[in-house]
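Input: a single structure, listed below in structure tokens.
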Amino acid sequence: MEHISLKIGSTPALVWGGRAKGVYLSIHGQGGCKEEAELLAEIACRRGWQVLSVDLPEHGGRTDGAAFAPWDAVRELTAVLEYAQREWETVALHAVSIGAWFSMLAFPTQALAKCLFVSPVLDMDRLIERMMGWAGVTEERLRREGEIPTDFGQTLSWKYREYVKVHLITNWSVPTQILYGAGDHLVERETVESFARRFGCGLTVMEDGEHWFHTPPELDFLRRWIERML
């Protein structure tokens, strides 16, 4: 699909589609990349939007040393949104998994037109508590050791945990639609339902979906959901 490459500061980005007045800023999750926005772009660009997707730190072609952590990701996303607001009249948001959490940290009071969250991490404090439980790591041990690798591929970090405690999500006023897989192993259904009630979000549940929408049935469900939401 038609797209151009550019950099916003040190952040690699793609702009999808022909010139339009509005843009969806697309933020991937852990293990993702800016190219994953193609599915969104195929739909959104037919509806009169463009899509601006970026590579978060440590993802895609990034080799600049920035960390895949909120203190670096939030700073970058703030700059990306400022760029988008200069280039387009209307900015909307599409974010996946931890990309949703980074986005809420970066844009708590921004007047975005709308938001689509896919398998969003909505309560990082709760997720870290769960991961500590999976790894059998206590609060005191994490404070003492600073960082603890786990056998499920995540490194628990006291610095990260302290950041999360100080930066809880308390405000989100963007009109938001959420897609959630009932088989999500990272985010509990009650967390998603509670967030949706608290902030007035629409919620669609794929009962046999998981956190990562990647199988043919999941991708078909995702495509049809985006079509409806746009």
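Looking at the range 95-195 alone, DSSP beta bridges between its own residues are antiparallel in about 35 percent of cases. Using +1 at the C-beta of Lys and Arg and -1 at the C-beta of Asp and Glu, which of ASN171, LEU40, THR155 has the Cα lying farthest in the positive direction of the dipole of the chain? Farthest along the dipole direction, towards plus: ASN171.
Which translational diffusion coefficient, to the nearest whole µm²/s, is obtained for the range 1-72 from the Stokes-Einstein equation, given a Kirkwood hydrodynamic radius over C-alpha pairs, 37 °C and 0.692 mPa s? Working shown, then result.
On the way: Rh = 12.5 Å.
After rounding, the answer is 263 µm²/s.
Phi angles of the range 184-201 translate, via the Karplus equation with coefficients 6.51, -1.76, 1.60 and θ = phi - 60°, into HN-Hα couplings of 4, 8, 9, 10, 6, 4, 4, 4, 5, 5, 5, 4, 4, 5, 5, 10, x, 8 Hz per residue; Gly and Pro are given as x.
Seen against the Cα atoms of the chain and their longest principal axis, helix 216-229 is set at about 60 degrees.
Each of ALA182, LEU77, TRP134 was placed along the dipole of the chain (beta-carbon charges, centred on the mean Cα), and the one lying farthest toward the positive end is LEU77.
Cα-based Rg of the chain per 2.2 N^0.38 Å, rounded to two decimals? If you can, show how the numbers build up before the last one.
On the way: Rg = 17.3 Å, N = 230, 2.2 N^0.38 = 17.4 Å.
This ratio for the chain stands at 1.00.
Of the three principal axes defined by the Cα atoms of the range 54-95, the extents in descending order read 32, 19, 17 Å. When DSSP beta bridges are restricted to pairs lying wholly in the chain, around 35% turn out antiparallel.
Phi angles of the range 104-119 translate, via the Karplus equation with coefficients 6.51, -1.76, 1.60 and θ = phi - 60°, into HN-Hα couplings of 5, 5, 7, 10, x, 10, 6, 8, 7, 5, 6, 8, 10, 10, 10, 6 Hz per residue; Gly and Pro are given as x.
Each residue of the range 121-163 gets 66 Å³ once the volume of the Cα convex hull is shared out per residue.
Hand me the GluC sites (Glu not before Pro) from the range 1-78 located in a DSSP loop with no more than 14 other Cβ atoms within 10 Å, in residue order please. Don't skip to the end; give the middle numbers.
Values: sites: GLU2, GLU35, GLU36, GLU38, GLU42, GLU58, GLU76; in loops: GLU2, GLU58.
Qualifying residues, ordered by number: GLU2.
For the range 5-112, the antiparallel share of DSSP beta bridges with both residues in that region comes to about 40%. Over all Cα atoms in the range 64-143, the spread is summed up by Rg and Dmax: 15.4, 49 Å. The alpha carbon convex hull volume per residue for the range 123-230 rounds to 116 Å³. Here the alpha carbons of the range 1-43 define both size measures, Rg and Dmax, at 10.5, 30 Å.
Taking a straight Cα-Cα cut-off under 17 Å and skipping sequence neighbours fewer than 8 places away in the same chain, the lysines within cross-link reach of LYS21 are LYS114. From most to least packed by mean Cβ count within 10 Å, the peptides 86-96, 185-195, 63-73 give 86-96, 185-195, 63-73. Across the range 16-22, coupling constants 3J(HN,Hα) worked out from phi with the 6.51/-1.76/1.60 Karplus curve, θ = phi - 60°, read 9, x, x, 3, 9, 7, x Hz, and Gly and Pro carry x. Taking the Cα centre of the range 1-64 as reference, the dipole from Cβ charges on Lys and Arg (+1) and Asp and Glu (-1) amounts to some 360 debye.
Bear in mind these aren't lab numbers, they're just calculated from the coordinates by the rules spelled out. This structure is a prediction, so every number in the text was calculated from the model and none was measured. When we count neighbours, we look across all protein chains shown, and the Cβ atoms used for this are built from the backbone with ideal geometry, even at glycine.
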